[in-house]
1. Can you pull the one-decimal nm distance between simple spin-label points at Glu133 and Asn149, each 7 Å off the Cα toward Cβ?
2. Which value in deg cm²/dmol, rounded to the nearest 500, describes the helix-derived mean residue ellipticity at 222 nm for the chain, given -39,500 (n - 2.57) per DSSP H run of n ≥ 4 and division by the residue count?
3. Find the relative contact order for the range 89-201 and round it to a whole percent, using C-alpha pairs within less than 8 Å whose residues are 6+ positions apart.
4. Relative to the first principal axis of the alpha-carbon coordinates of the chain, what is the inclination of helix 78-89, with its axis defined by its Cα atoms, in degrees from 0 to 90 and to the nearest 10?
5. Need the full-extension length gain, Arg111 to Glu161, defined as separation in residues times 0.36 nm minus the C-alpha distance. One decimal, nm.
6. Using every pair of alpha-carbon atoms in the range 54-134, split the distances into 10 Å bins beginning at 0 and state the percent of pairs per bin, rounded to integers.
7. May I ask you to list the residues of the range 215-243 whose amide nitrogen lies under 19 Å from a point 7 Å from Cα along the Cα→beta-carbon direction of His10?
8. Provide the gained length on full extension for the span Val3 to Glu239, in nm with one decimal, where the gain is 0.36 nm per separating residue minus the Cα-Cα distance.
Amino acid sequence: MKVFVSKHKHRFQNITAITGAGISAESGVPTFRGTDGLWKNFRAEELATPEAFQKNPKLVWEWYLWRRNIIESKSPNEGHKALVELEQKHSNFFLITQNVDGLHLQAGSKRPLEIHGNIFINRCVSCDYQSKELKIDSKNLPPHCGRCNSLLRPGVLWFGESYEELKLNQSIFRMQNTDLLLILGTSGAVSMPVYLAQIAKEAGSLVIEINQEETPFTSSADLFLQGKSGKILPELVQEILSV
Ligand code: OAD
């Protein structure tokens, strides 16, 4: 890592990170695709869809409230904190996260782009009502909008839904103009980060990946650091920031 960073450091003008569930794993938030990602034998792909919500909104809400409960008791780890330090000390750092747990914000990242939304948002399916403050009553599911009485849903992106155009354009623009892309704790099972990484690579960016296991990103990464992001990322950030 040391040799690689010192050799290429002059190229790190714009740094971008894409994070996935792995960065929150050491905080105790279950990832999606490990066995601990299962809930009552359901997989995320069976519950995080508009069809699942249409068929059984109560079941989908139960899953989200279960996840909210887990996340509420967790705190950011050293990996999240390292990215805050990078944002504070590097003049041009940008963070894109697939995570909906809000732990980057809680750690102190100023403006992470939450491309899959935030699990604590409640959003009306019909009108433009949305709120993070509203407490959902788990005994009275699914919740309804106080304004128009339509169903409320969690403010996250589901499988089969389109990305918000503004967020997508911002991400693509950033990929076209980054010098170093950090891919942190994501399996590459969802196609958007794979597509974004490809754009960065084609635009000439260096790519460093941190993951416990090899992924679809690994073969094209310039440096693959295998292990836990909570341990490796603070070391990498120190290397990047050291003069
Ligand atoms: P996954 O659960 O698919 O993958 C988590 C990745 O983190 C795996 O590659 C693990 O090897 C890695 N990992 C686990 N612990 C780690 C650690 N301590 N340090 C480093 N890496 C570690 O999660 P995502 O890739 O984030 O989308 O999943 C992408 C999207 O699929 C999610 O945002 C969500 C999901 O369905 C939506 O809900 C739209």
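1. With each label point 7 Å from Cα toward Cβ, the separation is 2.5 nm.
2. -10500 deg cm²/dmol
3. Details: 125 pairs, mean separation 22.6, N = 113.
Relative contact order comes out at 20 percent.
4. Computed tilt is about 60 degrees.
5. Working: separation 50, 0.36 × 50 = 18.00 nm, distance 2.33 nm.
That pair, Arg111 and Glu161, stretches by 15.7 nm at full extension.
6. Per 10 Å bin, starting at zero, the Cα-Cα P(r) for the range 54-134 comes out as 16, 42, 28, 12, 2 percent.
7. Within reach of a label on His10: 240-243.
8. On the way: separation 236, 0.36 × 236 = 84.96 nm, distance 0.96 nm.
Computed gain between Val3 and Glu239 is 84.0 nm.
The values are calculated or read from the model by the stated rules, or taken from the named source; none is laboratory data. Since the model is a prediction, treat every value here as computed from it, not as a measurement. So basically every Cβ, Gly included, is an ideal-geometry build from the backbone, and we count neighbours across all protein chains shown. Note: accessible area is taken over every heavy atom of the protein model, side chains too, but ligands, DNA and RNA are not part of it. Shrake-Rupley method; radii C 1.70, N 1.55, O 1.52, S 1.80 Å.
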